[in-house]
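Down below is the structure, laid out as structure tokens.
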Amino acid sequence: MSKYVIIGNSTAGIAAAEAIRKTDKKGSLTIISEEKGAAYGRPLISYYLQGVTTDETLPYRPADFYEKLNITLKDGVKAEKIDPSGKKVYLSDGESVSYDKLLVATGSVPFVPPANGLDEVREKFTFYTIEDARKLKAALKPDTRLLIIGAGLIGLKCMEGAYEITHDITVIDLADRVLSSVLDEDCAKIVSKKIDEKGVRLVLNDKVKEFHENYCVTDGGVKVEFDVLVTAVGVKPNVSLVADAGGKINRGIVTDLKQRTSLPDVYAAGDCTVSHDASSGADKIMAVLPNAYLQGETAGFNMSGDDREICNLVPLNSIGFFGVHVLSAGSTQGAMLEQKGEDFIKRFFVKDNRLTGFILIGNYDRAGILLSLIRERVPLDTVDFKAMTLLPELAFFPKTVRREKLDR
Amino acid sequence: MKKVHVNEDKCLGCRLCEYWCAFSHSGEKYMPDAFNLQKPPVPRIVVEENDKITFAVACRHCDDAICVKSCISGALSKQADGTVLVDESKCVGCHTCVLVCPFGAIRMDEGKAVKKCDLCLKTGGVPSCVQHCPNRAIVYEER
């Protein structure tokens, strides 16, 4: 009987457990989780802050999930060391767990850059776990002055969630625009405009020079008074377990297409890994939930003897701020095509007769049809791509292709 | 499993399937009441048309459903009977499923949970779009 151990009780870990139980109903399956409690979708923490998600709707899977899949959940305990030769994981409670196949799905860790005077700030938070969201929610009052460092996905979602409690919010970012990792300048402007309209102050192209207990001063000379500070400048892959055990790291944990690390019988999946972007050909840290699931699932199948390879991963995000919804996928390589209207913008990137990426704001009905063009590397001269940039439809595929798609 | 299939050679593009779908999920008793609501109900089936053809598209209830795998909240799930359903209380409206569904079969409902074909399982029997297709272009069968 095989012994499966999964470190990490989030998307990739759960996906692996679900895949393992499809192939092996008998082997023992243990999930080790530093966080306490059942799995939840990590992006939900901003919705929790906002009040959209509650304690009842937070869990990622039904209440009987662990029991039904016969999973032993060791939560509130940290995996501290992997011994790949002895095939053991050492835990913070002094115990150890031995494995036949191990998955490392340890996600990311929030990155808090050193800053002058940060120690003086008493009410400071990161925004990564549900516990962070709970603590922040408890600290926020309607008259709280909130300062968020970072105008990326995490910082802005935190802003949106917190806005339900206080409107006195300032966001500072080093980049010259919001969501700089996802959006180009023009698209970022649409989002910033909405943020401005809500009365949230954006301080861009600037960084904090010095923190004091209740205010900070930026390099640009802006003084911001605050009661609560959230640092959301970014996250980095949590690679230490595999790195310390001698596994190969390239910013993230390096895996092959079966999600195997360079250590024998040790797999890795999700935000802690570096993965191959099919749209650009580059290896990068993608750290998005849908990809974490696909990687975790692939790992789980391979761990339990069902041979699978991961393919067609591309960066993708669907995210809204104050009702402005931004969908992006792939990369921005190649020539740009644009469709624009009063309340929407669509940008498409085309190279070598293939769609490499898109950014859609305000008009994105049936966007998945466009994503399928990227993922399946569909030659654009076989479809009516021009028409698809206006409204994606299956009608713009050749009849035989469409039939095959729909006859499933 | 039995699914909603569309024969595009028979589809007239009348969009009755959209109306009946929206109505039968609206909770209203009379169709005019459903469409007189401040915000009309969203159909879960969509009729595509260009200058040559028309046909309706609804969820394929994929075996390997990418929407379920991509759902950030766990609101979308694959049931034991094969249907892919959305738990509206869990959906946060992030629209990741809209981004990943290769059929464009997940519909947005502003400010609310996404809507998708549930095969009219709650109302029982044959899906409403199938029942009311005047040209029998939409069928409910196993293929």
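The values are calculated or read from the model by the stated rules, or taken from the named source; none is laboratory data. Bear in mind that the values here come from a model prediction, so they are computed numbers and not experimental data. Note that we place each Cβ from the backbone using ideal geometry, even for glycine, and neighbour counts take in every protein chain shown. For accessibility, only protein heavy atoms count, side chains too; no ligands or nucleic acids. Shrake-Rupley method; radii C 1.70, N 1.55, O 1.52, S 1.80 Å.
B:Thr83 - would you say it is under 21 Å from B:Met1 (Cβ atoms), loosely packed, with under 14 Cβ neighbours inside 10 Å and in contact with a His (Cβ under 9 Å, 6 or more places away or on another chain)?
no
Can you find a residue in the range A:300-315 that is modelled with pLDDT of 95 or more, under 29 Å from A:Ala151 (Cα atoms), open to solvent by less than 10 Å² (accessible area, probe 1.4 Å) and in contact with a Cys (Cβ under 8 Å, 6 or more places away or on another chain)?
Within the range A:300-315 (the criterion being modelled with pLDDT of 95 or more, under 29 Å from A:Ala151 (Cα atoms), open to solvent by less than 10 Å² (accessible area, probe 1.4 Å) and in contact with a Cys (Cβ under 8 Å, 6 or more places away or on another chain)), the answer is no, since none of the residues qualifies.
Hey, among the residues in the range B:66-79 that are open to solvent by less than 10 Å² (accessible area, probe 1.4 Å) and more than 8 Å from chain A (Cβ to nearest Cβ), which one's nearest to the chain's Cα centre (by Cα)?
Looking at the filtered set, the residue picked out is B:Leu76.
So that you can scan it fast, the table gives a plain yes or no per residue for (1) crowded, with 23+ Cβ neighbours inside 10 Å; (2) within 22 Å of B:Leu12 (Cβ to Cβ); (3) within 14 Å of chain A (Cβ to nearest Cβ):
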residue	(1), (2), (3)
B:Val100	yes, no, yes
B:Asp109	no, no, yes
B:Lys112	no, no, yes
B:Val126	no, yes, no
B:Gln131	no, yes, no
B:Asn135	no, yes, no
B:Glu141	no, yes, yes
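Where in the range A:327-408 are there helices (runs of 4 or more DSSP H), lying fully within it, with 2 or more residues that are among the charged types (D, E, K, R)?
Those helices (runs of 4 or more DSSP H) span A:399-406.
For the range A:4-16, check the following and say yes or no: at least one residue is open to solvent by 30 Å² or more (accessible area, probe 1.4 Å) and not hydrophobic (A, V, I, L, M, F, W, C).
no
Determine the pairs where a residue that is of a type in the set (Asp, Glu), located within the range B:114-127, has a partner that is open to solvent by less than 30 Å² (accessible area, probe 1.4 Å) and part of a loop (DSSP other than H, G, I, E, B) with Cβ atoms under 9 Å apart, the partner being 6 or more residues away or on another chain.
From residues that are of a type in the set (Asp, Glu), the pairs are B:Asp118/B:Arg44; B:Asp118/B:Cys59; B:Asp118/B:Thr83; B:Asp118/B:Pro127.
Output the number of residues of the range A:242-258 satisfying the condition of being under 16 Å from A:Gly296 (Cβ atoms) and touching a residue at least 60 places away in the same chain (Cβ under 8 Å).
Here the count works out to 2.
Can you name the strands (runs of 3 or more DSSP E) wholly within the range A:78-134 that have at least 2 residues being buried (at least 18 other Cβ atoms within 10 Å of the Cβ) and touching a helix residue (DSSP H, G or I) at 6+ places or on another chain (Cβ under 8 Å)?
Of the strands (runs of 3 or more DSSP E) lying wholly inside the range A:78-134, those with at least 2 residues that are buried (at least 18 other Cβ atoms within 10 Å of the Cβ) and touching a helix residue (DSSP H, G or I) at 6+ places or on another chain (Cβ under 8 Å) span A:79-83, A:101-104, A:124-126.
Quick one: would you say B:Ala34 is more than 8 Å from chain A (Cβ to nearest Cβ), crowded, with 17+ Cβ neighbours inside 10 Å and within 16 Å of B:Ile106 (Cα to Cα)?
no
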